[in-house]
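Reviewing the structure listed below.
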Amino acid sequence: MNTLMRIVLLSLTMMVGAVQAADPLVISTGTDRATPIAVVPFGWQGGSVLPDDIAEIVGNDLRNSGVFEPIPRQNMISQPTQASEVIYRDWKAVNAQYVLVGSMVPAGGRIQVQYALFNVATEQQVMTGTVGGTTDQLRDMAHYISDQAFEKLTGVKGAFSTRLLYVTAERFSVDNTRYTLQRSDYDGARAVTLLQSREPILSPSFAPDGKRIAYVSFEQRRPRIFVQYIDTGRREQITNFEGLNGAPAWSPDGKRLAFVLSKDGNPEIYVMDLASKSLRRVTNQFGIDTEPFWGKDGQTIYFTSDRGGKPQIYKTNINSGSVERVTFVGNYNANPKLSADEKTLVMIHRQEGFTNFKVAAQDLQRGNVRILSSTNLDESPTVAPNGTMIIFATRQQGRGVLMLASVNGRVRLPLPTAQGEVREPSWSPYLN
């Protein structure tokens, strides 16, 4: 079997059929109850019907984090739209710990939103603010309010205003499949097409500045890595080597790309300086080395390798060349991603004795592994920049879909996406 075929098989192993089996590491919910919060429908003083419900979006955002549990609207005893109308006893009756209220008024062709957050237990206002925008920016305003509330209550920056990349594959006939590279809100809403091709698109990845993306395209009938500017659509082909050109990963400073090449016969990890196009080989081993992911120091690269006989995750220092195995639980661990604090490794994991692949998180200090997904054919995990949520590709009812899960295990839900097979998600960094 040639090396290209071996690397493709390694990358696609997770897509084979799986058997149903109980998994002793699966967690169905978090150990602690999520914090109840009431996000009250915002008052609107304009005459027209708005296309989006800001309060509903904010409630969904906070729920998706796994930290908060929105009070159902039918359980809300009072529905204030102004800070002066909050009656604490009503919210204590439904066990809400926090209440978020807001009002919207027309302002010169735009909408001005005022919002306030209250602590029900202390009966104090803890946050207030305003945000404005057009009708088309209602979702942006909602995500902004969610970010502000989340950071105020947790001390962790919110990630609801970030974006998501993913690939769709829609098959029209045996020899006619259309692949599209999509960008959307983190929750799958407002998707736009960045690239369309009749050949596969793989491994999209945001640059740290959020303005560029890298991906693999087969438009030349063989894999090549491209960098594309999101705003203008301008593209640059980065690699054109014989064999495999795959799995691009941006360095933390956005000046380098790590990727996998098989130009020397064996799939290895290389790093390219994008300004000079100088190329440096990072790994040199008989096994398959693939799926690089940078540590925030810009010197450490985590990667998948079968050098020990089965796919496991390793890390290397690109200066010293030292290599250390990171995963030991399970007979398959691949596609490493780090949480923002680098304390948690998110990966695709398979336990000994099972054939189903799941998303798992490993505590890098203690070594324990937790299963985060309840599906069986999971692949391509990507982590929110604040580390609270993950999105991964899986299958439901015979179709490839994207699934969002909170890292604490409380939330798992499919994302609304376009028709066809959906795969290869990649979360953006924080956007200005």
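Values in this text are rule-based calculations from the coordinates and carry no lab data. The shown structure was predicted, so the numbers you read here are calculated from the model rather than taken from an experiment. Positions of Cβ are backbone-derived with ideal geometry, glycine not excepted, and every protein chain shown enters the neighbour counts.
One table, with the values for the structure above:
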read-out: Neighbour-count order for E352, E69, E236, E424, fewest beta carbons within 10 angstrom listed first; value: E352, E236, E69, E424
read-out: Highest-fluctuation residue, G308, G287, G246 considered, GNM on the chain with Cα pairs under 10 Å; value: G308
read-out: Prolate/oblate/rounded call for the range 88-238, Cα gyration tensor, a/c under 1.5 rounded; value: prolate
read-out: About the Cα centre, charge dipole magnitude for the range 35-154 (Lys/Arg +1, Asp/Glu -1 at Cβ), debye; value: 200
read-out: Length-normalised contact order for the range 35-154 - Cα pairs under 8 Å, 6+ apart - percent; value: 28
read-out: Tensor-based shape of the range 323-395 (alpha-carbon gyration tensor, a/c under 1.5 rounded, otherwise prolate or oblate); value: oblate
read-out: Those residues of the range 138-154 whose amide nitrogen sits under 17 Å from the label point placed on N119, 7 Å along Cα→Cβ; value: 149-154
read-out: Highest-fluctuation residue, Q362, Q148, Q124 considered, GNM on the chain with Cα pairs under 10 Å; value: Q124
read-out: Estimated FRET transfer efficiency (D209, I77; beta-carbon r; R0 41 Å; 0.05); value: 0.30
read-out: Choice from G309, G420, G43 showing the highest fluctuation, given a GNM over the chain with Cα pairs closer than 10 Å; value: G309
read-out: Karplus (6.51, -1.76, 1.60) ³J(HN,Hα), θ = phi - 60°, over the range 103-109, in Hz, Gly and Pro reported as x; value: 9, 10, 9, x, 8, x, x
read-out: Among L404, N331, M347 the positive-end extreme of the charge dipole of the range 321-432 (Cβ point charges); value: L404
read-out: Simple label model, 7 Å out from Cα along Cβ direction - Q299 to D363, nm; value: 2.8
read-out: Residue among V383, P223, Q114 farthest towards the positive dipole end of the chain, charges placed on Cβ; value: P223
read-out: Label-to-label distance, nm, for residues given as Q45 and S276 (7 Å Cα→Cβ offset); value: 6.1
read-out: Rounded tilt (10° steps) of 54-64 against the dominant C-alpha axis of the chain; value: 50
read-out: Cα centroid separation - the range 141-162 against the range 326-374, whole Å; value: 27
read-out: Per-pair calculated FRET efficiency, R0 = 41 Å: D231 and T355 via Cβ, rounded to 0.05; value: 0.40
read-out: Cα-based equivalent ellipsoid, the chain: semi-axes from gyration tensor eigenvalues, Å; value: 41, 24, 20
read-out: Percent RCO, i.e. relative contact order, over the chain, from Cα pairs under 8 Å lying at least 6 residues apart; value: 14
read-out: Cα centroid separation, the range 64-135 to the range 210-278 (Å); value: 46
read-out: Tilt relative to the chain, helix 138-154 - C-alpha long axis, 0 to 90 degrees, to 10; value: 90
read-out: Greater than 22 Å apart at Cα, pairs in K157/K343; K277/K337; K255/K296; K310/K358; K211/K255; K310/K337; value: K277/K337
read-out: Dipole moment magnitude, nearest 20 debye, the range 113-195 about Cα centre, only Lys, Arg, Asp, Glu C-beta charged; value: 180
read-out: About the Cα centre, charge dipole magnitude for the chain (Lys/Arg +1, Asp/Glu -1 at Cβ), debye; value: 700
read-out: For the chain, calculated [θ]222 nm from helices alone, where every DSSP H run of n ≥ 4 adds -39500 (n - 2.57); value: -3000 deg cm²/dmol
read-out: Surface/4 of the Cα convex hull for the range 35-154, nm²; value: 6.8
read-out: Pairwise label distance in nanometres, Y430 with Q137, each label 7 Å out on the Cα-Cβ vector; value: 2.0
read-out: Interchain or long-range residues, amide H under 5 Å from S373's placed H; value: V359
read-out: Mean projection area, nm², convex hull over Cα of the range 114-160; value: 3.5
read-out: DSSP beta bridges in the range 35-154 [antiparallel fraction, %, rounded to 5]; value: 70
read-out: Full-stretch length increase - T35, L413 - with 0.36 nm per residue and alpha-carbon distance subtracted; value: 134.2 nm
